[in-house]
Amino acid sequence: MLGNIEKHIAEHLPFLKHSKVLIAISGGLDSVVLAKLFHSLAYSIGFAHCNFQLRGEESDEDETFVNNLATKLNVEVFTKKFDTEKYANKQKLSIQMAARDLRYEWFQEIATTFQYDYILTAHHKDDALETFLINLSRGTGIEGLTGIPERNGIIVRPLLPFTRDEIYAFAGTNKLQWREDSSNASTKYVRNKIRHDIAPLLKELHPTFMDNFERTQVHLRESKDIIHQSIQKLREELVETVANNQYRIEIAALQKLANPKAYAYELLKEFGFNAWNDISDLLTGQTGKQLFSTNYRLIKDRAHLLIQKRTKKETASEVIIINDSELTIKTPIRLQIEEVTSVTDTGKNILYVEKEMLKFPLTVRKWQNGDYFYPFGMKGKKKLSKYFKDEKYSLIDKENQWLLCNENDIVWIIGKRSDNRYKLTKPTKTIIKLTIAMK
């Protein structure tokens, strides 16, 4: 096995050569073999051991075993105790997910602080099969069936081409000692049930089952690459950037594709949306319907799907107060205020108002239900909700629209349209000029 892993590294992981590597070691069979292999190949290695304090004295004995092994091999070792149950309860995670988060965060911290180039874990081919079956049972897409990645950033898994039997045989030949985790014998966990009850039956089906499984995963990864290239090309065609952290997709263009639901899923996956049925319902849902991922929200808006980065939600009651002594408002909009004697440059980003008509302080706020104004050039009033509809405002557009108000009157839908009641009608020497910085 030593020769095989050396060959595998040379062909597939050449970047590991001459690197300083941190080995995640539990004290179990797999990680001890990984440590022995890289020590025998004369790599610059260190050990990192997590004591999750989940098995009482057994956990402490694992830590002692790893420390003794590090001393024997003259290897730098890092150990840390975690209150895993407390963290899991606080974060509302399963014990397995909590342990995973804790260890990888700590491994990254060690690598950064002590300048390790890569972190090695002892995942092998049987682990990949178990993960495949777990994801298959959960109804995953192709992403979950392509297996554990051999490299993910600085995380590298050099034992993935090797089976548990090969690892066990190497340990026996080299008379290695390791720790047995008693919890691995329990079938109350899904992974252990697959390991003890299901995987052995699958291996009985064909003498080369594990090799066939590995080839299948290679084919799946190749298919995934083809899909990725196709989606990337489609993304360039359909996903339009309309503002900073805001995008849109034309629904009609999506529905022309052979399988719009599948394409929508692939296009939206990078934004954290992965519920197939919800995405499909949104395509035909009413305008204003929304979905939320961790960092984005997805909105059905007439002919488009709008994607917006989630930020602190502003309330309708939030206002900016403008006193007559202020010349510039910088946040959340940039508004320049000055007194002039004549009208010069004009545009949608500029408003001229007779000073005598304004009663300071002015306010800048978002719209509220029931708001209305008298559109410039018209005699009658109009509800803002009707104006927004006529101007085809999206939900995001309405939320982002600021209004300049004089007491209870809307003077200006900032950057869009002014109120007819505040237009200049006679020569005056006291004019207020307001200029909004356009994005």
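The values are calculated or read from the model by the stated rules, or taken from the named source; none is laboratory data. The shown structure was predicted, so the numbers you read here are calculated from the model rather than taken from an experiment. Accessible surface areas use protein heavy atoms only, side chains included; no ligands, DNA or RNA. Shrake-Rupley method; radii C 1.70, N 1.55, O 1.52, S 1.80 Å.
Protein chains only, probe 1.4 Å: how do LYS80, LYS233, LYS300 rank by accessible area, largest first?
Working: LYS80 80, LYS233 130, LYS300 20 Å².
I get LYS233, LYS80, LYS300, largest accessible area first.
Mind checking which of GLN290, GLN308, GLN115 has the largest fluctuation in a GNM of the chain, springs on alpha carbons under 10 Å?
The residue with the greatest mean-square fluctuation here is GLN115.
Once Rh for the stretch 259-309 is found with the Kirkwood sum over Cα pairs, what is the Stokes-Einstein diffusion coefficient at 20 °C and 1.002 mPa s, in µm²/s? If you can, show how the numbers build up before the last one.
Details: Rh = 10.7 Å.
It diffuses with D of about 200 µm²/s by this estimate.
Which of rounded, prolate or oblate describes the stretch 174-251 when judged by the alpha-carbon gyration tensor and an a/c cut-off of 1.5?
On the way: a/c = 3.21, a/b = 2.20, b/c = 1.46.
It is prolate, given that a/c is not under 1.5 and a/b is the larger ratio.
Give the relative contact order (percent, whole number) for the stretch 5-135; include only Cα pairs under 8 Å separated by 6+ residues. If you can, show how the numbers build up before the last one.
Values: 155 pairs, mean separation 38.3, N = 131.
In percent, rounded to a whole number, it is 29.
Taking every pair of distinct Cα atoms and averaging 1/r, then inverting, what Kirkwood hydrodynamic radius in Å comes out for the stretch 317-439?
Working: mean 1/r = 0.0674 Å⁻¹.
It is 14.8 Å.
What Kirkwood hydrodynamic radius do you get for the stretch 199-301 when you take the inverse of the mean 1/r over all pairs of distinct Cα atoms, in Å?
Values: mean 1/r = 0.0623 Å⁻¹.
Roughly 16.1 Å, rounded to one decimal.
If you count only protein heavy atoms with a 1.4 Å probe, what accessible area per residue comes out for the chain, rounded to a whole Å²? Walk me through the intermediate numbers first.
Numbers: 24910 Å² over 439 residues.
Value returned for the chain: 57 Å² of accessible area per residue.
Return the ratio Rg/(2.2 N^0.38 Å) for the stretch 1-96, where Rg is computed over Cα atoms only. Present the calculation step by step, with values, prior to reporting the outcome.
Details: Rg = 15.7 Å, N = 96, 2.2 N^0.38 = 12.5 Å.
Normalised Cα radius of gyration, the stretch 1-96: 1.26.
For the chain, compute Rh as the Kirkwood radius over C-alpha pairs and then the Stokes-Einstein diffusion coefficient at 20 °C and 1.002 mPa s; write the answer in µm²/s, rounded to an integer. Before the final figure, lay out the partial values.
Values: Rh = 27.4 Å.
In µm²/s, the coefficient is 78.
Ignoring ligands, DNA and RNA, what percent of the 1.4 Å accessible area of the chain is carbon and sulfur? Walk me through the intermediate numbers first.
Working: 12120 of 24910 Å².
Reported share for carbon and sulfur atoms: 49 percent.
For the stretch 100-170, report the % of Cα-Cα distances exceeding 19 Å. It would help to have the intermediate numbers written out before the result.
Details: 1150 of 2485 pairs.
The proportion of pairs with Cα distances above 19 Å equals 46 percent.
Taking the radius of gyration and the Kirkwood hydrodynamic radius from Cα positions alone, what is the Rg/Rh ratio for the stretch 225-264, to two decimal places?
Values: Rg = 10.8 Å, Rh = 10.9 Å.
Answer for the stretch 225-264: 0.99.
Which residue, LYS36, LYS386, LYS20, tops the fluctuation ranking in a GNM of the chain built on C-alpha contacts under 10 Å?
So, out of LYS36, LYS386, LYS20, the one fluctuating most is LYS386.
Using the structure shown, select from LYS17/LYS203; LYS17/LYS86; LYS125/LYS175 the pairs with a Cα to Cα distance greater than 30 angstrom. Could the numbers behind the result be given before it?
Numbers: LYS17/LYS203 34 Å; LYS17/LYS86 40 Å; LYS125/LYS175 22 Å.
Those over the limit are LYS17/LYS203; LYS17/LYS86.
Per the Kirkwood definition applied to all pairs of different Cα atoms, how many angstroms is the hydrodynamic radius of the stretch 233-383? Can you show the working numbers first?
Details: mean 1/r = 0.0520 Å⁻¹.
For the stretch 233-383, inverting the mean 1/r across all distinct Cα pairs yields 19.2 Å.
Straight-line reach from LYS359: which aspartates and glutamates have Cα under 17 Å away, leaving out those fewer than 8 places along the same chain?
ASP324, GLU326, GLU338, GLU339, GLU407, ASP409, ASP419
Per DSSP H run of at least 4 residues, take -39500 (n - 2.57); add these up for the chain, divide by its residues and hand me the 222 nm value, nearest 500 deg cm²/dmol.
-12000 deg cm²/dmol
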